[in-house]
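Peer 1: If you scroll down you'll find the structure; I have some questions about it.
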Amino acid sequence: MLENIKERFFCYVKIDTQSDPHSAKQPSTEKQKNLSKILVKELLEMGIKDAHLDEYGYVYATIPSNSVKKNIPTICFCSHVDTSPDCSGENVKPILHKNYNGDDLILPDDNTIVIRKSEHPDLENQIGNDIITASGTTLLGADNKAGVTAIMMACQYLIEKPHIKHGIIKILFTPDEEIGRGTNFVNIEKLGAKYGYTVDGESLGSIENETFSADGMKVIIHGVSQHPGFAKNRMESSIKIASEIVAALPKDKLSPETTEGMQGFIHPVGINGQVETTEIELIIRDFETEGLQKLEDLVKNITHQILVNYPNSTAEFHIHEQYRNMKVILDNHPQIINIAKAAMVKSGLKPHLQSIRGGTDGSRLSFMGLPCPNIFAGEHAFHSKQEWVSLQDIHKAMETIVNICEIWESESE
(Lines give C-alpha, C1' and ligand atoms only; values in the text may rest on other atoms or scores of the structure.)
Protein backbone atom coordinates (compact mmCIF):
# COMPACT_ATOMS: atom_id res chain seq x y z
CA MET A 1 0.00 0.00 0.00
CA LEU A 2 2.73 2.50 0.97
CA GLU A 3 4.57 1.86 -2.29
CA ASN A 4 1.41 2.61 -4.26
CA ILE A 5 0.90 5.81 -2.29
CA LYS A 6 4.49 6.85 -2.98
CA GLU A 7 4.24 6.21 -6.72
CA ARG A 8 0.98 8.12 -7.03
CA PHE A 9 2.17 11.04 -4.91
CA PHE A 10 5.52 11.30 -6.73
CA CYS A 11 3.67 11.37 -10.05
CA TYR A 12 1.39 14.20 -8.93
CA VAL A 13 4.02 16.47 -7.37
CA LYS A 14 6.25 16.32 -10.45
CA ILE A 15 3.51 18.11 -12.42
CA ASP A 16 3.80 21.89 -12.14
CA THR A 17 0.35 23.19 -11.16
CA GLN A 18 1.02 26.62 -9.69
CA SER A 19 -1.88 29.03 -9.83
CA ASP A 20 -1.43 32.70 -10.73
CA PRO A 21 -3.20 35.47 -8.78
CA HIS A 22 -2.53 37.97 -11.59
CA SER A 23 -4.27 35.93 -14.26
CA ALA A 24 -7.88 36.61 -15.19
CA LYS A 25 -8.28 33.19 -16.81
CA GLN A 26 -10.25 30.26 -15.37
CA PRO A 27 -8.40 28.29 -14.23
CA SER A 28 -5.70 30.90 -13.73
CA THR A 29 -3.07 28.65 -15.34
CA GLU A 30 -3.70 26.09 -18.03
CA LYS A 31 -1.02 23.78 -16.61
CA GLN A 32 -3.26 22.90 -13.65
CA LYS A 33 -5.32 20.87 -16.10
CA ASN A 34 -2.30 18.65 -16.80
CA LEU A 35 -2.81 17.00 -13.43
CA SER A 36 -6.60 17.14 -13.60
CA LYS A 37 -6.57 15.21 -16.89
CA ILE A 38 -4.43 12.50 -15.29
CA LEU A 39 -6.84 12.25 -12.38
CA VAL A 40 -9.80 11.83 -14.73
CA LYS A 41 -7.95 9.12 -16.65
CA GLU A 42 -7.12 7.26 -13.46
CA LEU A 43 -10.67 7.53 -12.13
CA LEU A 44 -12.07 6.20 -15.40
CA GLU A 45 -9.60 3.31 -15.29
CA MET A 46 -10.84 2.49 -11.79
CA GLY A 47 -14.33 2.13 -13.25
CA ILE A 48 -15.80 5.47 -12.18
CA LYS A 49 -17.77 6.08 -15.34
CA ASP A 50 -18.80 9.73 -14.95
CA ALA A 51 -15.35 11.16 -14.10
CA HIS A 52 -14.73 14.27 -16.18
CA LEU A 53 -12.97 17.63 -16.34
CA ASP A 54 -15.24 20.60 -16.98
CA GLU A 55 -14.51 23.82 -18.84
CA TYR A 56 -13.53 25.65 -15.64
CA GLY A 57 -10.90 23.13 -14.56
CA TYR A 58 -12.95 21.14 -12.01
CA VAL A 59 -12.87 17.34 -11.81
CA TYR A 60 -16.18 15.70 -10.86
CA ALA A 61 -16.71 11.99 -10.22
CA THR A 62 -19.23 9.70 -8.51
CA ILE A 63 -18.87 6.37 -6.77
CA PRO A 64 -22.40 4.90 -6.67
CA SER A 65 -23.91 3.60 -3.45
CA ASN A 66 -23.53 -0.12 -2.77
CA SER A 67 -25.84 -0.07 0.24
CA VAL A 68 -29.37 -1.43 0.04
CA LYS A 69 -32.53 0.24 1.36
CA LYS A 70 -30.81 2.98 3.33
CA ASN A 71 -31.26 6.73 3.06
CA ILE A 72 -27.60 7.79 3.23
CA PRO A 73 -26.54 11.41 2.72
CA THR A 74 -24.34 11.94 -0.32
CA ILE A 75 -20.84 12.79 0.88
CA CYS A 76 -18.20 14.76 -1.06
CA PHE A 77 -14.42 14.64 -0.64
CA CYS A 78 -12.51 17.59 -2.05
CA SER A 79 -8.88 18.58 -2.58
CA HIS A 80 -7.22 21.17 -4.79
CA VAL A 81 -4.71 20.50 -7.55
CA ASP A 82 -2.91 23.85 -7.60
CA THR A 83 0.19 24.74 -5.62
CA SER A 84 1.08 28.09 -4.12
CA PRO A 85 2.59 30.87 -6.26
CA ASP A 86 4.70 31.83 -3.22
CA CYS A 87 7.43 29.30 -4.03
CA SER A 88 8.55 27.62 -7.25
CA GLY A 89 6.68 24.45 -8.19
CA GLU A 90 8.61 23.78 -11.40
CA ASN A 91 10.80 20.67 -11.72
CA VAL A 92 9.93 19.32 -8.28
CA LYS A 93 12.24 16.45 -7.33
CA PRO A 94 10.61 14.48 -4.49
CA ILE A 95 12.98 12.63 -2.16
CA LEU A 96 12.04 9.72 0.12
CA HIS A 97 13.79 9.62 3.49
CA LYS A 98 13.02 6.08 4.63
CA ASN A 99 12.79 5.16 8.30
CA TYR A 100 13.29 8.69 9.62
CA ASN A 101 15.64 8.64 12.62
CA GLY A 102 15.11 12.10 14.06
CA ASP A 103 18.08 13.83 12.42
CA ASP A 104 17.83 17.17 10.64
CA LEU A 105 17.04 16.74 6.96
CA ILE A 106 19.53 18.61 4.75
CA LEU A 107 18.14 18.97 1.24
CA PRO A 108 20.68 18.05 -1.45
CA ASP A 109 20.16 20.76 -4.08
CA ASP A 110 20.53 23.58 -1.55
CA ASN A 111 22.35 22.71 1.67
CA THR A 112 21.07 25.90 3.30
CA ILE A 113 17.56 24.42 3.32
CA VAL A 114 17.45 22.29 6.47
CA ILE A 115 14.33 20.76 8.01
CA ARG A 116 15.12 20.74 11.72
CA LYS A 117 13.19 18.77 14.29
CA SER A 118 13.55 21.72 16.65
CA GLU A 119 11.60 23.88 14.18
CA HIS A 120 9.12 21.20 13.10
CA PRO A 121 7.78 19.63 16.31
CA ASP A 122 5.60 17.08 14.51
CA LEU A 123 8.75 15.34 13.24
CA GLU A 124 8.99 13.90 16.76
CA ASN A 125 5.93 11.79 15.87
CA GLN A 126 7.47 10.59 12.60
CA ILE A 127 10.35 8.46 13.94
CA GLY A 128 10.46 5.28 11.85
CA ASN A 129 8.18 6.73 9.18
CA ASP A 130 9.05 7.52 5.58
CA ILE A 131 9.35 11.29 5.04
CA ILE A 132 9.06 12.93 1.64
CA THR A 133 10.64 16.31 0.91
CA ALA A 134 11.58 18.25 -2.20
CA SER A 135 15.23 18.70 -3.11
CA GLY A 136 15.73 22.23 -1.78
CA THR A 137 14.95 24.45 -4.77
CA THR A 138 11.15 24.14 -4.91
CA LEU A 139 8.17 23.50 -2.72
CA LEU A 140 7.05 19.87 -2.55
CA GLY A 141 3.37 20.25 -3.36
CA ALA A 142 2.07 18.13 -0.49
CA ASP A 143 -0.35 21.02 -0.14
CA ASN A 144 -2.64 19.68 -1.51
CA LYS A 145 -1.39 16.72 -3.52
CA ALA A 146 -1.19 14.68 -0.32
CA GLY A 147 -4.94 15.17 -0.06
CA VAL A 148 -5.44 14.38 -3.74
CA THR A 149 -3.44 11.18 -3.27
CA ALA A 150 -5.41 10.15 -0.17
CA ILE A 151 -8.73 10.64 -1.99
CA MET A 152 -7.57 8.75 -5.08
CA MET A 153 -6.27 5.87 -2.98
CA ALA A 154 -9.54 5.76 -1.04
CA CYS A 155 -11.52 5.65 -4.30
CA GLN A 156 -9.49 2.71 -5.55
CA TYR A 157 -9.78 0.92 -2.21
CA LEU A 158 -13.56 1.29 -2.04
CA ILE A 159 -13.98 0.05 -5.59
CA GLU A 160 -11.74 -2.95 -4.97
CA LYS A 161 -13.46 -3.77 -1.63
CA PRO A 162 -17.20 -3.85 -2.40
CA HIS A 163 -17.93 -5.45 0.98
CA ILE A 164 -17.35 -2.00 2.51
CA LYS A 165 -20.83 -0.50 2.41
CA HIS A 166 -21.27 3.17 1.62
CA GLY A 167 -23.68 5.65 0.11
CA ILE A 168 -23.12 7.85 -2.93
CA ILE A 169 -19.66 9.40 -2.82
CA LYS A 170 -18.80 12.51 -4.80
CA ILE A 171 -15.25 13.50 -5.68
CA LEU A 172 -14.30 17.12 -6.41
CA PHE A 173 -10.84 18.37 -7.38
CA THR A 174 -10.58 22.15 -7.67
CA PRO A 175 -8.13 24.59 -9.26
CA ASP A 176 -6.97 27.95 -7.87
CA GLU A 177 -7.57 27.31 -4.17
CA GLU A 178 -4.25 28.92 -3.31
CA ILE A 179 -5.35 32.24 -4.81
CA GLY A 180 -8.78 32.24 -3.18
CA ARG A 181 -10.74 31.27 -6.30
CA GLY A 182 -11.08 27.53 -5.75
CA THR A 183 -14.87 27.47 -5.56
CA ASN A 184 -15.78 30.33 -7.91
CA PHE A 185 -17.25 28.02 -10.54
CA VAL A 186 -18.20 24.93 -8.53
CA ASN A 187 -21.61 23.70 -9.64
CA ILE A 188 -23.19 22.75 -6.30
CA GLU A 189 -26.35 21.42 -7.94
CA LYS A 190 -24.34 19.23 -10.29
CA LEU A 191 -22.17 18.02 -7.41
CA GLY A 192 -25.28 16.92 -5.58
CA ALA A 193 -23.73 16.30 -2.15
CA LYS A 194 -25.28 17.06 1.22
CA TYR A 195 -22.08 17.19 3.27
CA GLY A 196 -18.42 17.37 2.43
CA TYR A 197 -14.87 17.10 3.72
CA THR A 198 -11.86 18.88 2.32
CA VAL A 199 -8.70 16.81 2.77
CA ASP A 200 -6.17 19.61 3.11
CA GLY A 201 -5.01 19.66 6.72
CA GLU A 202 -1.82 19.24 8.64
CA SER A 203 -1.02 16.93 11.54
CA LEU A 204 -2.37 13.44 12.04
CA GLY A 205 -5.85 13.40 13.57
CA SER A 206 -6.61 17.08 13.05
CA ILE A 207 -10.09 18.30 12.14
CA GLU A 208 -10.43 21.96 11.29
CA ASN A 209 -13.90 23.33 11.90
CA GLU A 210 -12.98 27.00 12.05
CA THR A 211 -11.14 29.36 9.72
CA PHE A 212 -10.40 33.03 9.50
CA SER A 213 -12.95 35.32 7.99
CA ALA A 214 -11.12 37.08 5.18
CA ASP A 215 -11.34 40.22 3.08
CA GLY A 216 -9.13 41.58 0.35
CA MET A 217 -8.45 45.31 0.52
CA LYS A 218 -6.99 47.65 -2.08
CA VAL A 219 -5.85 51.19 -1.28
CA ILE A 220 -5.33 53.35 -4.37
CA ILE A 221 -3.29 56.51 -3.83
CA HIS A 222 -3.67 59.35 -6.33
CA GLY A 223 -0.68 61.65 -6.03
CA VAL A 224 0.53 64.59 -8.10
CA SER A 225 3.08 64.02 -10.85
CA GLN A 226 5.52 66.70 -12.01
CA HIS A 227 8.74 66.76 -13.99
CA PRO A 228 11.37 65.99 -11.30
CA GLY A 229 13.44 68.99 -12.38
CA PHE A 230 10.56 71.35 -11.56
CA ALA A 231 8.88 69.41 -8.74
CA LYS A 232 9.61 71.58 -5.74
CA ASN A 233 6.40 72.25 -3.75
CA ARG A 234 4.41 70.59 -6.54
CA MET A 235 5.07 66.84 -6.68
CA GLU A 236 3.31 64.49 -4.28
CA SER A 237 4.63 61.05 -5.12
CA SER A 238 2.02 58.34 -4.63
CA ILE A 239 4.86 55.81 -4.30
CA LYS A 240 6.26 57.63 -1.28
CA ILE A 241 2.80 58.11 0.21
CA ALA A 242 2.08 54.38 -0.17
CA SER A 243 5.43 53.56 1.42
CA GLU A 244 4.61 55.74 4.41
CA ILE A 245 1.23 54.02 4.81
CA VAL A 246 2.80 50.56 4.81
CA ALA A 247 5.52 51.73 7.20
CA ALA A 248 2.85 53.08 9.57
CA LEU A 249 0.96 49.76 9.84
CA PRO A 250 1.29 48.11 13.28
CA LYS A 251 4.61 46.30 13.72
CA ASP A 252 4.30 44.83 17.23
CA LYS A 253 0.74 43.56 16.78
CA LEU A 254 -1.88 42.89 14.08
CA SER A 255 0.69 41.56 11.60
CA PRO A 256 1.36 37.95 10.53
CA GLU A 257 4.81 38.16 12.09
CA THR A 258 3.46 39.03 15.55
CA THR A 259 0.20 37.08 15.84
CA GLU A 260 -0.83 33.51 16.57
CA GLY A 261 -3.78 31.49 17.76
CA MET A 262 -7.02 33.43 17.41
CA GLN A 263 -5.41 36.81 16.66
CA GLY A 264 -6.22 38.57 13.39
CA PHE A 265 -3.93 40.67 11.23
CA ILE A 266 -3.42 43.21 8.44
CA HIS A 267 -0.98 42.05 5.76
CA PRO A 268 0.24 44.08 2.75
CA VAL A 269 0.89 41.62 -0.07
CA GLY A 270 1.74 43.91 -2.97
CA ILE A 271 2.57 47.47 -4.05
CA ASN A 272 2.44 48.58 -7.65
CA GLY A 273 2.49 52.02 -9.17
CA GLN A 274 4.14 55.14 -10.52
CA VAL A 275 4.47 58.67 -9.20
CA GLU A 276 0.88 59.59 -9.98
CA THR A 277 -0.98 56.44 -8.88
CA THR A 278 0.03 53.55 -6.61
CA GLU A 279 -2.00 50.56 -5.42
CA ILE A 280 -1.46 48.77 -2.12
CA GLU A 281 -2.96 45.29 -1.90
CA LEU A 282 -3.69 43.92 1.57
CA ILE A 283 -5.35 40.88 3.06
CA ILE A 284 -7.39 41.31 6.24
CA ARG A 285 -7.96 38.34 8.58
CA ASP A 286 -9.93 37.81 11.79
CA PHE A 287 -11.79 34.86 13.30
CA GLU A 288 -14.67 37.20 14.14
CA THR A 289 -16.23 38.56 10.97
CA GLU A 290 -17.11 41.77 12.83
CA GLY A 291 -13.40 42.26 13.51
CA LEU A 292 -12.64 42.74 9.83
CA GLN A 293 -14.34 46.14 9.83
CA LYS A 294 -12.16 47.34 12.73
CA LEU A 295 -8.96 46.34 10.93
CA GLU A 296 -10.10 47.93 7.68
CA ASP A 297 -11.00 51.13 9.52
CA LEU A 298 -7.50 51.15 11.02
CA VAL A 299 -5.99 51.06 7.51
CA LYS A 300 -8.27 53.90 6.43
CA ASN A 301 -7.39 56.01 9.47
CA ILE A 302 -3.65 55.51 8.92
CA THR A 303 -4.06 56.50 5.28
CA HIS A 304 -5.98 59.66 6.12
CA GLN A 305 -3.38 60.64 8.73
CA ILE A 306 -0.59 60.29 6.17
CA LEU A 307 -2.54 62.26 3.56
CA VAL A 308 -2.74 65.27 5.88
CA ASN A 309 0.82 66.02 4.76
CA TYR A 310 -0.16 65.71 1.08
CA PRO A 311 -3.10 68.10 0.59
CA ASN A 312 -3.44 67.53 -3.15
CA SER A 313 -3.48 63.72 -2.98
CA THR A 314 -6.41 61.40 -2.40
CA ALA A 315 -7.13 57.75 -1.63
CA GLU A 316 -9.69 55.18 -2.77
CA PHE A 317 -10.56 52.06 -0.75
CA HIS A 318 -11.89 48.88 -2.32
CA ILE A 319 -12.85 45.89 -0.15
CA HIS A 320 -14.08 42.51 -1.32
CA GLU A 321 -15.13 39.45 0.62
CA GLN A 322 -12.84 36.43 0.20
CA TYR A 323 -14.29 33.86 2.62
CA ARG A 324 -15.94 33.58 6.02
CA ASN A 325 -15.42 31.47 9.15
CA MET A 326 -17.07 28.14 8.36
CA LYS A 327 -17.75 27.43 12.07
CA VAL A 328 -20.92 29.51 11.76
CA ILE A 329 -22.29 26.83 9.42
CA LEU A 330 -20.65 23.72 10.86
CA ASP A 331 -21.98 24.31 14.37
CA ASN A 332 -25.42 23.55 12.92
CA HIS A 333 -24.28 20.13 11.67
CA PRO A 334 -22.44 18.39 14.53
CA GLN A 335 -22.83 14.94 12.96
CA ILE A 336 -20.28 15.81 10.26
CA ILE A 337 -17.60 16.43 12.87
CA ASN A 338 -18.64 13.52 15.08
CA ILE A 339 -18.36 11.05 12.22
CA ALA A 340 -14.93 12.39 11.26
CA LYS A 341 -13.81 11.90 14.87
CA ALA A 342 -15.20 8.35 14.94
CA ALA A 343 -13.47 7.57 11.64
CA MET A 344 -10.13 8.68 13.05
CA VAL A 345 -10.60 6.68 16.24
CA LYS A 346 -11.32 3.65 14.08
CA SER A 347 -7.93 4.25 12.43
CA GLY A 348 -6.24 4.29 15.82
CA LEU A 349 -5.85 8.07 15.98
CA LYS A 350 -6.64 10.69 18.59
CA PRO A 351 -8.81 13.27 16.80
CA HIS A 352 -8.49 16.89 17.81
CA LEU A 353 -10.51 19.91 16.72
CA GLN A 354 -8.57 23.02 15.82
CA SER A 355 -8.92 26.34 14.04
CA ILE A 356 -6.84 27.12 10.97
CA ARG A 357 -5.08 30.43 10.47
CA GLY A 358 -6.11 30.49 6.86
CA GLY A 359 -8.92 29.22 4.71
CA THR A 360 -9.81 26.18 2.65
CA ASP A 361 -12.23 25.52 -0.17
CA GLY A 362 -14.45 24.23 2.63
CA SER A 363 -14.80 27.77 3.99
CA ARG A 364 -16.68 28.92 0.92
CA LEU A 365 -18.35 25.59 0.16
CA SER A 366 -19.94 25.69 3.62
CA PHE A 367 -21.60 29.00 2.77
CA MET A 368 -22.59 27.68 -0.66
CA GLY A 369 -24.76 24.98 0.92
CA LEU A 370 -22.19 22.21 1.40
CA PRO A 371 -21.10 22.11 5.08
CA CYS A 372 -17.48 21.08 4.78
CA PRO A 373 -14.85 20.80 7.55
CA ASN A 374 -11.21 20.11 6.77
CA ILE A 375 -9.43 16.90 7.77
CA PHE A 376 -5.72 16.14 7.87
CA ALA A 377 -3.64 15.06 4.90
CA GLY A 378 -0.26 15.16 6.70
CA GLU A 379 0.96 18.37 5.05
CA HIS A 380 3.63 20.44 6.82
CA ALA A 381 5.57 23.69 6.18
CA PHE A 382 3.14 24.83 3.50
CA HIS A 383 4.29 27.09 0.64
CA SER A 384 7.98 26.63 1.38
CA LYS A 385 11.06 24.71 0.32
CA GLN A 386 10.90 22.95 3.70
CA GLU A 387 7.54 21.36 2.93
CA TRP A 388 7.26 17.71 3.96
CA VAL A 389 4.82 14.85 4.45
CA SER A 390 5.05 11.20 5.48
CA LEU A 391 3.72 8.24 3.54
CA GLN A 392 2.21 6.88 6.72
CA ASP A 393 0.19 10.04 7.32
CA ILE A 394 -1.21 9.97 3.77
CA HIS A 395 -2.14 6.33 4.38
CA LYS A 396 -4.00 7.29 7.57
CA ALA A 397 -5.81 10.04 5.69
CA MET A 398 -6.90 7.44 3.14
CA GLU A 399 -8.11 5.13 5.93
CA THR A 400 -10.03 7.99 7.52
CA ILE A 401 -11.83 8.74 4.25
CA VAL A 402 -12.84 5.09 3.88
CA ASN A 403 -13.99 4.98 7.50
CA ILE A 404 -16.06 8.16 7.09
CA CYS A 405 -17.90 6.56 4.17
CA GLU A 406 -18.51 3.36 6.13
CA ILE A 407 -19.72 5.14 9.28
CA TRP A 408 -22.16 7.38 7.40
CA GLU A 409 -23.66 4.18 5.94
CA SER A 410 -23.82 2.34 9.26
CA GLU A 411 -25.47 5.27 11.07
CA SER A 412 -28.09 5.84 8.37
CA GLU A 413 -31.50 4.19 8.33
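Peer 1: Using all Cα-Cα distances in the chain, what percent lands in each 20 angstrom bin from 0 up to the longest?
Peer 2: 26, 53, 19, 3, 0
Peer 1: Sequence neighbours fewer than 8 away in the same chain don't count; with that in mind, list the lysines whose C-alpha is under 28 Å from LYS346.
Peer 2: Partners within reach: LYS6, LYS69, LYS70, LYS98, LYS145, LYS161, LYS165, LYS170, LYS194, LYS327, LYS396.
Peer 1: First obtain the Kirkwood hydrodynamic radius of the range 159-299 from its Cα pairs, then insert it into the Stokes-Einstein equation at 25 °C and 0.890 mPa s, and state the resulting D in µm² per second as a whole number. Walk me through the intermediate numbers first.
Peer 2: Values: Rh = 19.3 Å.
Rounded, D is 127 µm²/s.
Peer 1: At R0 = 51 Å, how high is the FRET efficiency between ASN125 and LYS37 if r is their beta carbon distance? Nearest 0.05 is fine. Can you show the working numbers first?
Peer 2: Values: r = 36 Å, r/R0 = 0.70.
With a Förster radius of 51 Å, E is 0.90.
Peer 1: Next up: What order do THR112, THR183, THR314 take when sorted by accessible area (1.4 Å probe), most exposed first?
Peer 2: Result, largest first: THR112, THR314, THR183.
Peer 1: From the phi of every residue in the range 299-305, what ³J(HN,Hα) in whole Hz does the Karplus formula 6.51 cos²θ - 1.76 cosθ + 1.60 yield, where θ is phi - 60° and glycine or proline is x?
Peer 2: 4, 5, 5, 4, 4, 5, 5
Peer 1: Further, regarding this structure: Of the accessible area of the chain, with the probe set at 1.4 angstrom, what percent is carbon plus sulfur?
Peer 2: Details: 8930 of 18190 Å².
Solvent-exposed carbon and sulfur of the chain make up 49 percent of the total.
Peer 1: What's the angle, to the nearest 10 degrees (0 to 90), between helix 32-46's Cα axis and the longest principal axis of the chain?
Peer 2: 10 degrees
Peer 1: Rounded, prolate or oblate, given the Cα gyration tensor of the range 50-109, with a/c below 1.5 counting as rounded?
Peer 2: Working: a/c = 3.86, a/b = 1.81, b/c = 2.13.
It comes out oblate by the Cα gyration axes.
Peer 1: Take peptides 208-220, 157-169 and line them up by average Cβ neighbours within 10 Å, highest first, as a rough protection proxy. Working shown, then result.
Peer 2: Details: 208-220: 21.5, 157-169: 15.9.
Highest-to-lowest ranking by the protection proxy: 208-220, 157-169.
Peer 1: Rounded to the nearest whole Å², what accessible area per residue is found for the range 80-165 with the 1.4 Å probe? Could you put the intermediate results ahead of the total?
Peer 2: Values: 3550 Å² over 86 residues.
Per-residue value: 41 Å².
Peer 1: On to the next question. With both partners inside the chain, how many of the DSSP beta bridges are antiparallel, as a percent to the nearest 5?
Peer 2: Details: 46 of 65 bridges.
The antiparallel fraction comes to roughly 70 percent.
Peer 1: Less than 14 Å Cβ to Cβ from ILE127, Lys/Arg counted +1 and Asp/Glu -1: what total charge do the surrounding residues give? Intermediate values should be presented prior to the final figure.
Peer 2: On the way: positive: LYS98, LYS117; negative: ASP103, ASP104, ASP122, GLU124, ASP130, ASP393.
Taking every Cβ under 14 Å from that of ILE127, the sum is -4.
Peer 1: Going by the alpha-carbon gyration tensor, a ≥ b ≥ c the square roots of its eigenvalues, is the range 230-338 rounded (a/c under 1.5) or, if a/c is not under 1.5, prolate (a/b greater than b/c) versus oblate?
Peer 2: On the way: a/c = 3.25, a/b = 2.72, b/c = 1.19.
The shape class here is prolate.
The values are calculated or read from the model by the stated rules, or taken from the named source; none is laboratory data. Note that the structure is predicted; figures quoted are calculated from it, not measured. In this analysis, Cβ positions are derived from the backbone assuming ideal geometry, glycine residues included, and neighbour counts consider all displayed protein chains. Heavy atoms of the whole protein, side chains included, go into the accessibility calculation; ligands, DNA and RNA do not. Shrake-Rupley method; radii C 1.70, N 1.55, O 1.52, S 1.80 Å.
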